[in-house]
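Asker: Structure in structure tokens, see below.
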Amino acid sequence: MGDINSVGIVGSGIMGSGLAELAATSGYDVIVRSRTRAGADAVVAGLTKGLDKQVSKERITADERDAVLARVIATDHLGKLAECDLVIESVVEDLAVKKELFGELEQIVKPSGILATNTSTLPVIELAMVTQRPDQVCGIHFFNPAPMMRLVEVIKPITASDDTIKSALAFATTCGKDAVEVVDRAGFVVNALLFPYLNNAVRMYEQSTATMDDIDTAMRGGCNFPMGPFALLDLVGLDTSLAILDALYDEFRDSNYAAVSTLRRKVAAGQLGRKTGRGFYQY
Ligand SMILES: NC(=O)c1ccc[n+]([C@@H]2O[C@H](COP(=O)([O-])OP(=O)(O)OC[C@H]3O[C@@H](n4cnc5c(N)ncnc54)[C@H](O)[C@@H]3O)[C@@H](O)[C@H]2O)c1
């Protein structure tokens with residue numbers, strides 16, 4: 001298994017586009033795959049807009065912007081990922097969808113390629129086992145927004161080789177992140193601790209203990225958190241948050257992980273947070 005030079009990203013949502021930006025600005029050649037041409041174009045447009053802003057603020061030069069853009073190819077063809085040294089899957093938090101995708105990646109990506117998932121909670125071992133290279137499958141869990149947040153959790157399913165984990169840790173470090181190694185258990189470190197808090201904040205709101213605004217204000221001011229639980233749920237996405245809670249509950253059967261009904265109803269109503277313009281707040 002050689003060094004990582006080229007990185008494939010599958011998925012062009014909040015995290016996929018953030019990962020493409022992060023990897024390209026960290027010096028990697030990036031191929032990002034969206035299911036549609038429009039989605040692929042949107043990744044490049046978003047990246048260009050963000051980089052233009054940085055040029056206008058004199059954080060980077062126009063030449064640096066052009067160099068980053070030249071490193072990114074956006075496509076709607078999964079086959080384009082064939083020569084990637086590392087592929088990071090970042091599609092919807094749904095085990096069946098991810099398993100199918102790993103089966104396809106197994107056929108497409110060169111045998112030496114590492115296949116990683118950005119899942120927030122799902123069992124990485126299940127993805128490893130649909131491939132013929134379970135030793136080369138791991139989790140590389142970034143946080144939102146990926147270019148800004150310092151932490152990466154590298155998840156080691158019991159099948160992963162030490163070399164794979166070493167490569168994943170080195171990739172995270174080259175991207176300027178602080179990496180921690182975690183075993184393959186639902187929620188890893190951060191979400192296993194964070195989501196009972198977020199779920200209970202919604203429960204507290206359901207019980208009319210305080211308004212949403214006041215709960216957010218309380219947690220910002222009382223705990224020095226940069227944002228309150230409802231603003232954070234809207235940022236993460238309520239569908240992703242619900243999927244995370246369901247996966248945590250599936251594994252631990254702890255009532256703190258049992259998603260409260262307001263969250264489930266909002267997802268059913270398509271109120272998914274910032275990405276749809278409405279979640280707990282309106283955007
Ligand atoms: N949102 C966060 O804060 C956050 C943080 C860390 C990790 N993650 C993880 O990253 C992954 C992506 O989350 P996101 O927030 O970018 O979600 P998102 O809703 O913004 O994007 C989901 C992406 O998946 C694609 N997709 C949907 N259904 C698909 C299917 N059937 N087949 C292939 N692609 C499909 C969509 O087109 C989109 O590109 C999830 O595994 C999530 O748990 C999310």
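Asker: Determine the share of the range 107-260's accessible area contributed by carbon and sulfur atoms, expressed in whole percent, with a 1.4 angstrom probe. Let's see the in-between values first.
Answerer: Details: 3710 of 6720 Å².
C and S atoms contribute 55 percent here.
Asker: Still on this structure: Counting each DSSP H run of 4 or more residues in the chain as -39500 (n - 2.57), what helix-only mean residue ellipticity at 222 nm follows after dividing by all residues, to the nearest 500 deg cm²/dmol? Walk me through the numbers on the way to the answer.
Answerer: Working: 11 runs with 133 residues, N = 283.
-14500 deg cm²/dmol, from helical runs alone.
Asker: Using modelled amide H (1.01 Å from N, peptide plane; none on Pro or chain starts), what sits under 5 Å from the amide H of I60, excluding residues fewer than 5 places away?
Answerer: For I60, the qualifying residues are V55.
Asker: Which translational diffusion coefficient, to the nearest whole µm²/s, is obtained for the chain from the Stokes-Einstein equation, given a Kirkwood hydrodynamic radius over C-alpha pairs, 4 °C and 1.567 mPa s? If you can, show how the numbers build up before the last one.
Answerer: Working: Rh = 19.5 Å.
The calculation lands on 66 µm²/s.
Asker: I need to check one value: relative contact order of the chain, counting alpha carbon pairs closer than 8 Å and at least 6 residues apart, in percent.
Answerer: 14 percent
Asker: Another question, then. Would you check the accessible area of K156, probe 1.4 Å, heavy atoms only, in square angstrom rounded to 10?
Answerer: Estimated to the nearest 10 Å², K156 gives 60 Å².
Asker: Across 5 Å bins from the origin, how do the percents of Cα pairs in the range 65-109 run, short distances first?
Answerer: Going out from 0 Å in 5 Å bins, the range 65-109 shows 5, 17, 26, 22, 16, 7, 6, 1 percent.
Asker: Quick one: Debye curve from the C-alpha atoms of the range 1-70, no solvent, what's log10 I(q)/I(0) at q = 0.13 Å⁻¹?
Answerer: -0.36
Asker: Compute the accessible area per residue over the chain, keeping the other protein chains in place, probe 1.4 Å, unit Å².
Answerer: Working: 13220 Å² over 283 residues.
Accessible area per residue: 47 Å².
Asker: Now a separate question. Using θ = phi - 60° and the Karplus form 6.51 cos²θ - 1.76 cosθ + 1.60, what ³J(HN,Hα) does each residue of the range 247-259 get, whole Hz, x for Gly and Pro?
Answerer: 5, 5, 5, 3, 7, 9, 6, 9, 5, 5, 9, 6, 4
Asker: List every residue whose amide H lies under 5 Å from the amide H of V10, counting only residues 5 or more places away in sequence or on a different chain, with H placed 1.01 Å from N in the peptide plane.
Answerer: So V10 has HN proximity to R33, I88, E89, S90.
Asker: Something else: Would you kindly compute the Cα radius of gyration of the range 143-283 and its largest Cα-Cα separation (Dmax), both in Å?
Answerer: Taking only Cα atoms of the range 143-283, I get Rg and Dmax of 16.5, 51 Å.
Asker: How many lysine pairs in the chain, separated by 8 or more positions in sequence or lying on different chains, have Cα atoms less than 20 Å apart?
Answerer: Final tally of qualifying lysine pairs is 14.
Asker: Let me ask you something else. Under the Karplus relation 6.51 cos²θ - 1.76 cosθ + 1.60, θ = phi - 60°, what is the ordered set of whole-Hz ³J(HN,Hα) values for the range 40-48, x standing for Gly and Pro?
Answerer: Taking θ as phi minus 60°, the curve returns 5, 4, 5, 5, 5, 4, x, 5, 4 Hz for the range 40-48.
Asker: Report, to one decimal in Å, the Kirkwood hydrodynamic radius for the range 65-193 based on all distinct Cα pairs.
Answerer: Numbers: mean 1/r = 0.0669 Å⁻¹.
Roughly 14.9 Å, rounded to one decimal.
Asker: Once every Cα of the range 1-147 carries one equal point scatterer and solvent is ignored, give the base-10 log of I(q)/I(0) from the Debye formula at q = 0.14 Å⁻¹, two decimals.
Answerer: -0.62
Asker: Read phi for every residue in the range 150-165 and hand back ³J(HN,Hα) as whole Hz from Karplus 6.51 cos²θ - 1.76 cosθ + 1.60, θ = phi - 60°, with x for Gly and Pro.
Answerer: 6, 8, 10, 9, 9, 9, 10, x, 5, 8, 6, 7, 4, 4, 4, 5
Asker: Once the Cα gyration tensor of the range 130-203 is found, what semi-axes does its equivalent ellipsoid get, as square roots of 5 times the eigenvalues, in whole Å, sorted largest first?
Answerer: Numbers: eigenvalues 120, 56, 15 Å².
Sorted largest first and rounded, they come to 24, 17, 9 Å.
Asker: Let me ask something else. Based on the alpha-carbon gyration tensor of the range 54-140, what equivalent-ellipsoid semi-axes (square roots of 5 times the eigenvalues) come out, in whole Å, largest first? Don't jump to the answer; show the numbers that get you there.
Answerer: Working: eigenvalues 183, 47, 26 Å².
Over the Cα atoms of the range 54-140, the semi-axes work out to 30, 15, 11 Å.
Asker: Could you tell me the accessible area of Y249 in Å² (1.4 Å probe, neighbours in place), rounded to the nearest ten?
Answerer: Solvent-accessible area, nearest 10 Å²: 80 Å².
Asker: Also: Order R35, R278, R65, R59, most accessible first, counting only protein heavy atoms with a 1.4 angstrom probe. Don't skip to the end; give the middle numbers.
Answerer: On the way: R35 200, R278 105, R65 55, R59 160 Å².
Sorted by accessible area, descending: R35, R59, R278, R65.
The values are calculated or read from the model by the stated rules, or taken from the named source; none is laboratory data. Computed from a predicted structure; not experimentally measured. Ligands, DNA and RNA are stripped out before the accessible areas are found, and what is left, the full protein with its side chains, is counted by its heavy atoms. Shrake-Rupley method; radii C 1.70, N 1.55, O 1.52, S 1.80 Å.
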